[in-house]
Amino acid sequence: MKKSLFIFTLVFILNSNAQHKAVLYDFASLPQTLLINPGAEINYKSHFGVPLTSGWYGELGLSGFVLSDLFIANGVDINQKIATIASGISPNDNLKLNAQIEVLSAGYWRNRNTYLSVGFYQEFEAIIYFPNDLITLGIEGNSDYLSRVFELSQINFKADLLGVMHIGISKKINEKLTIGGRFKIYSSAMNITSTNNTGTFTTTLGSNNTYTSALAKVNLNVKSSGIYENDLLVTAPAVHLKNSFFGGNLGAGIDVGVTYHSTPQLQFSASLLDVGFVKHAKRIKNISATGSFNFEGLEFEYAAGMRDYWKELENSFEEQVRTSENQKSYISWRSAKLNAAIKYSYGEKRSIKCYDNSHKNVYKNAFGAQLYSIFRPLKQQFAFTGFYETSFSDAVHAKITYTIDDYSYANIGLGAAAQIRNINCYVILDNITKLLDVSKANNVSLQLGFNFIFN
Amino acid sequence: MKFPKSWYFFFCTIFFSCSQVLDFEQVQAYELNASYTVPLVYFEVALANFLKTEQVIEKSDVKFLNSFFIKDNLSKIELKFEVINELNRDINIQILLLDNEDSVLYSLETLKIAAKNLEYQYREVVAIAVHQEVKNLAGIKILINLEGPIGVNDISDTPVLRFKSGLTIHFGTAL
């Protein structure tokens, strides 16, 4: 029942909340683009996000297999399906989750050149790499894999739940150049990290005994904050929510960004986000295990009288593989993200009214390319996007993207934004070719939000 | 304002996105079929060990099955033995599986190893469905009997009886 509930939740997230930021990047001057590039150009006078609904963002990525591989009702035995998936995944395959809810968002032109924006959002971010050696060990055992080296270093996961308060400035240097920065204060409600593990487990044919099992150069660690308090598991969502508002595990970070027009039609932009850290000092529980251990079996010594061989084995293991638990504070680095884009605008020219009552010519269409990268515990992940953007009117805009990343080679995304009087809304769908069968998707998403925009 | 067709497309896609019929209940049919192999007991004995007795006995706790998960999913255990008998006497080895009160749960076939047999091997599989009591395995006792008496003149340091063993735990119960 619990498994079914978990899987249902997974599918629900896939079907309802996941989304891809490639579409949102530099799209239709939406206020939320400032969170992806603080150096984005803003043409309206001010904005105010509808509390809790201005920015819903979710992303779920699954590499190595898709849900239908496992759960499609095709008559293939579930044991066979699991064995096939386990044999097909690699240690680089992973499950990633990212969700953001914008609680507050607002901004205005402080003077002719400076747009000030502030806000608060909550974010959940997690990545779990599939340790395929340990999965094989778990579902098949070691009997058929004598001499195989099972790598414990494949254990890599990281999860964060935090609140982010931010203040940003976009400064228009001249007609060609806009730069921006954002300062963030992180309040971590929950963090669990296990990276940089080492060690192997091997069972071989032995010399003194039939087999030898060996744990070699083990160095495993799990650091956590906000999960346990006084050795009790924190399960109440309200406690996590409360801790995301300056709950004691605080950090800081910055975003920087730039937009540059080399010609009125050719634009370059880039941003670096979440360069920061959180110092975890409260509700800490860290666990580690280090050492090596060779087990050849219990060596009976018939001349020695009665000995407690098992106790000796346990003592020897505890001496050679030291486990420890502590409450030491630690620092976790945020997963920094890099965006870069080139955009060429063309077609019918239109004049729009800007925040300073001046008028600016914009083009109806644009196309270009984007690069996205995120620094993950195991390796940097990349996404390459080509896009086409068009405006149906001053108020209605659309963007279509084609993205290649670790999760999909053909991810087509669509976004639309409209403004009716002062109310702005947007909808973004990602991986639309998979929407007719989300169970076959590695990445499916939806994003929407409502803002008040004043001009 | 004219409502663009693309909006209809978006909302239709949201409301009509779907998936193939997935059967999550099939997880219930998953069967763990793992098997784990560990070294068990090994020793060397010489004729000197039998100077005052024809039988020597040793035992130890063995807590590999000491978990509810293992007990609940265990389908069989497999014991594998290798004996190198350099002694010039026949040897009988009796292996008993014990519970945590040292009561015998299961007695394996007695290993009968002829003198100078350097390649003796034996394997015994215990099906849990037939021998449920073996789930409570908590110890092992090994009794070695030497055929015929020995005298002081028979003792030499060189020839020994080498005993090796391994245990394979098989799971095979539907979760």
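Just so it is clear, none of the values below were taken in a lab; they were calculated from the coordinates. Bear in mind that the values here come from a model prediction, so they are computed numbers and not experimental data. Here the Cβ positions follow ideal geometry from the backbone for every residue, glycine too, while neighbour counts run over all protein chains shown.
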Worksheet entry | Pairwise label distance in nanometres, A:ASN294 with A:ARG322, each label 7 Å out on the Cα-Cβ vector | 2.1
Response to the item:
Taking the dipole of region B:36-169 about the Cα centre (Lys, Arg +1; Asp, Glu -1; charges at Cβ), the one of B:SER107, B:VAL130, B:LEU118 that reaches farthest to the positive side is B:VAL130
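Among A:HIS261, A:HIS397, rank each residue by its count of other Cβ atoms within 10 Å, from fewest to most, as a rough exposure measure.
Working: A:HIS261 18, A:HIS397 23.
Fewest-to-most ranking of A:HIS261, A:HIS397: A:HIS261, A:HIS397.
Starting from 0.36 nm per residue, how many nanometres of slack lie between A:TYR228 and A:PHE392 once their C-alpha separation is accounted for?
53.8 nm
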Response to the item:
Once the dipole of the protein assembly as shown is set up from charges on Cβ (+1 Lys and Arg, -1 Asp and Glu), the residue from the list A:PRO377, A:THR210, A:LEU313 lying farthest towards its positive end is A:PRO377
Worksheet item: Whole-Hz Karplus ³J(HN,Hα) for region B:61-75, in order, using 6.51 cos²θ - 1.76 cosθ + 1.60 and θ = phi - 60°, x for Gly and Pro?
Response: 5, 9, 10, 5, 9, 7, 7, 4, 4, 5, 4, 6, 10, 5, 10
Worksheet item: Using the count of nearby Cβ atoms within 10 Å as a rough guide to exposure, how do B:ARG123, A:ARG148, A:ARG182 rank from fewest to most?
Response: B:ARG123, A:ARG148, A:ARG182
Worksheet item: Which net charge results when you count Lys and Arg as +1 and Asp and Glu as -1 among the other residues whose beta-carbon is under 10 Å from that of A:LEU272?
Response: -1
Practice prompt. Can you list which of the trypsin sites (Lys or Arg not before Pro) found in region A:23-114 are DSSP loop residues with at most 13 other C-beta atoms within 10 Å?
Written response: A:ARG110, A:ARG112
Worksheet item: Placing +1 at every Lys and Arg Cβ and -1 at every Asp and Glu Cβ, with all other atoms neutral, what dipole size does region B:31-171 have around its Cα centre, in debye to the nearest 20?
Response: 140
Discussion item. Quick check for me: using +1 on Lys/Arg Cβ and -1 on Asp/Glu Cβ, what's the dipole size of the protein assembly as shown about its Cα centre, in debye to the nearest 20?
Written reply: 4200
Worksheet entry | chain A - mean residue ellipticity at 222 nm from DSSP helices (-39,500 (n - 2.57) per run, n ≥ 4, rounded to 500) | -4000 deg cm²/dmol
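Roughly how many debye, to the nearest 20, is the charge dipole of region A:14-86 about its Cα centre, given +1 on each Lys and Arg Cβ, -1 on each Asp and Glu Cβ, and no other charges?
Numbers: 3 positive and 5 negative charges, 32 e Å.
So the magnitude is around 160 debye.
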Item to complete: Provide the gained length on full extension for the span B:ASN117 to B:ASN92, in nm with one decimal, where the gain is 0.36 nm per separating residue minus the Cα-Cα distance.
Response: 7.8 nm
Discussion item. How shielded is A:203-212 by partner chains, expressed as the average number of their Cβ atoms within 10 Å of its Cβ atoms?
Written reply: 6
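From the P(r) of region A:300-455, can you give the percent of Cα pairs sitting at distances over 26 Å? All intermediate terms of the calculation are to be shown ahead of the outcome.
Working: 6635 of 12090 pairs.
Result for the distance tail: 55 percent.
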Worksheet item: Karplus couplings for region B:21-33 from phi (6.51 cos²θ - 1.76 cosθ + 1.60, θ = phi - 60°), rounded to Hz, Gly and Pro as x?
Response: 5, 9, 10, 6, 5, 5, 4, 4, 8, 5, 10, 6, 10
Worksheet item: Debye sum, Cα scatterers, chain A, no solvent: what log₁₀ I/I(0) at q = 0.09 1/Å?
Response: -0.68
Item to complete: Mind listing the long-range amide H neighbours of A:GLU59? Cut-off is under 5 Å, sequence gap 5 or more, other chains count too, H placed in the peptide plane at 1.01 Å from N.
Response: A:GLN19, A:ASN98, A:ALA99
Response to the item:
Dipole check, chain A, charges on Cβ (K,R +1; D,E -1), about Cα centroid: among A:ASN43, A:PHE27, A:ILE192 the Cα furthest to the positive pole belongs to A:ASN43
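Rank the residues B:GLU147, A:GLU125 as a footprinting-exposure proxy: fewest other Cβ atoms within 10 Å of their Cβ go first. Walk me through the numbers before you get to the answer.
Values: B:GLU147 14, A:GLU125 20.
Neighbour counts put them in this order, fewest first: B:GLU147, A:GLU125.
Lysine pairs, Cα distance under 12 Å, 8 or more residues apart or cross-chain: how many in region B:31-171? Show your work: numbers first, answer last.
On the way: B:LYS59/B:LYS141; B:LYS63/B:LYS71; B:LYS63/B:LYS135; B:LYS71/B:LYS135; B:LYS76/B:LYS135; B:LYS80/B:LYS164.
Close lysine pairs found across region B:31-171: 6.
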Practice prompt. With r as the distance between the Cβ atoms of A:THR235 and B:GLN28 and R0 = 35 Å, compute the FRET efficiency 1/(1 + (r/R0)^6) and round to 0.05.
Written response: 0.85
